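Inspection log for the structure reproduced underneath, given as C-alpha cells.
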Amino acid sequence: MLEMLNKVLLHNGLVTAFALVGVTMWLSGVLSRRLTFGHVHGSAIAIMIGLALAYVGGAITGGEKGLADFPLLGGIGLMGGAMLRDFAIVATAFEVQATEARKAGLIGVLSLLLGTVIPFIVGALIARAFGYSDAVSMTTIGAGAVTYIVGPVTGAAIGASSDVMALSIATGLIKAIIVMVGTPFAKGFLGLKTPRSAMIFGGLAGTVSGVSAGLAATDRRLVPYGALVATFHTGIGCLLGPSVLFLATKAIVG
Amino acid sequence: MIIYGTALLAFCHLTGLFLGDLLGALIGVKSNVGGVGIAMLMLIVLKIYLEKKGVMPKETEAGVGFWGAMYIPVVVAMAANQNVVAALKGGPVALLSALGAALTCACVIALLSRSGRDTTAFPPVHHQEFTQEQDI
C-alpha cells in the first residue's frame, strides 16, 4: 500500500511538487492571518518555510539542492528550477506598463551599475579585513557579494582557490536569503511603492532569486519591474568581475 | 485558445534566452546576459502590437496570465531548493560580506527611490484580472 503511494508520488514528481507547494501556501496564509494578523505577507512566510525546509533537506541528505535532494521530492527541483522560474518571470512582463518602465529606464541602468560596484567593494574590503589580502581572493569574494553566480564565474576566470570560491558562493547565497527575507520588513525604509522604486531595487539588490522573492513577499505588482532590471545583474557582474573590477583591485592592492 | 498565449510566452522565453547567450558569447562572458530581460521586453512589445491589431482575445491573455500567477508558488519551490546549509557554513566572512553588501545597497536604494521625480504608478485594478491574485 505505502509502496504503491510512494511509486505514484515518485513517478509524478512535478505534480507532487504542485500539491506540496499548494499546502505550504495555504498554511502560510493561515499563519499570516492568525499569528501576525496579516502584518507579515503570506508569501513571505511561505518563502521562509521553503528556506527552512531547504536547510532540513540539505542537513539530512548532505546534498546541494535542499528539499529536492529527497528522491520523493525531486519535483520541487523542477518546479523551482531555472526553467519554470524564468518562464513565470517572463509571464509577469504581461503586467508591465511600458510607459512606466520607460520613465524609470535610466535610473534602472544607473542602479544596475551601482548594484555591481558597491557590493563588490564592500565584499572585497571585508575579505581583506579577514586576511584574504591578495587581489584574486578579494576579487572573488567581492564578486560573490554581487551574486552567487558572479562569484564562481569570476573566481574560475582569474584562478581562485576552491575554498575561496566556496566562500564567494556562500556570500552570494546569504545575500540572496537576506534580500528574500528582509525586503518585506524594510519596504518602508527602502521606499518600495512604485514601479520606479522596484526598478531601482532590482538593480541594486541583485540576484533574480533574491529580488523576485523579496518583491513577491512585499507586493506582487512590483515583481515584473524589479525582475526586468535584475535579470541583467548576473550578466553585467560576470562581465565586469574578471575584467575591470579585478584589474582595479590588482592596481590598488598590488 | 489558451495555448496561443502560452506558446507566445514560450516563443519569447526561448528567443530571449538564445539572444542572451549570444550576447554573452559576443562580449566574451561565460554567462547569459539579460536573456530573461530580453524575453520580457519582447513580450511587452508583442502584447502592445497584438492588442493594437485586435488579435489578443481574453483566452490568449489567460494563457500567459496563468503562468504569471504561478510565479509566487514557483518562487517558494525555488526557496526550498537553495543550498542553505552551504550558505550557513561559509562562516563570518561570508555572513559579514553579505550583510555589509545588503545593508549598503539598502541605504543606496532608500536614497535613490526618494531622489528625483517619481511619476510612475500602477495601472488601475481591472488591468490585472488574470494575473493578480487575492492576497493569500
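The values are calculated or read from the model by the stated rules, or taken from the named source; none is laboratory data. Every value quoted in this text rests on a predicted model; they were computed, and no experiment measured them. Virtual Cβ from ideal backbone geometry, glycine too; neighbours counted across all protein chains shown.
When the residues of segment B:42-68 are narrowed to those that are under 18 Å from A:Y225 (Cα atoms) and surrounded by fewer than 19 Cβ atoms within 10 Å (Cβ to Cβ), which ends up nearest to the other protein chains (Cβ to nearest Cβ)? Per the criteria, the residue is B:I48. Pairs meeting the criteria (first residue in segment A:97-124 and closer than 27 Å to B:K47 by Cα, second residue of a type in the set (K, R), beta carbons under 8 Å, at least 6 apart or on different chains) are A:E100/A:R196; A:K103/A:R196; A:A104/A:R196; A:I107/A:R196. Set side by side, the residues B:L88, B:L99, B:L103 differ, and just one is within 25 Å of the chain's Cα centre (by Cα) and more than 7 Å from chain A (Cβ to nearest Cβ), which is B:L103.
Would it be correct to say that A:L239 is in a helix (DSSP H, G or I) and in contact with a Ser or Thr (Cβ under 7 Å, 6 or more places away or on another chain)? Criteria not met by A:L239.
Can you tell me how many residues within segment A:126-137 are assigned to a helix (DSSP H, G or I) and within 8 Å of chain B (Cβ to nearest Cβ)?
First, the residues of segment A:126-137 that are assigned to a helix (DSSP H, G or I): A:126-129, A:135-137.
Within this subset, residues satisfying the condition of being within 8 Å of chain B (Cβ to nearest Cβ) are A:126-127.
Residues meeting the conditions: 2.
Annotation: of all residues in segment B:1-57 being part of a loop (DSSP other than H, G, I, E, B) and of a type in the set (S, T, N, Q), the one that is nearest to the chain's Cα centre (by Cα) is B:N32. For segment A:46-59, the criterion of being within 17 Å of A:I178 (Cβ to Cβ), more than 9 Å from chain B (Cβ to nearest Cβ) and modelled with pLDDT under 90 is met by no residue. Looking at segment A:186-227 only, could you name the residues that are among the β-branched types (V, I, T) and crowded, with 24+ Cβ neighbours inside 10 Å? Across segment A:186-227, the qualifying residues are A:I200, A:T207, A:V208, A:V211, A:T218, A:V223.
Against the condition at pLDDT 90 or above, within 8 Å of chain B (Cβ to nearest Cβ) and more than 29 Å from B:F11 (Cβ to Cβ), how does A:L20 come out, does it pass? No; evaluated as a whole, the condition is false for this residue. Just one of the listed residues (B:T60, B:T120) is β-branched (V, I, T) and not in a helix (DSSP H, G or I), namely B:T120.
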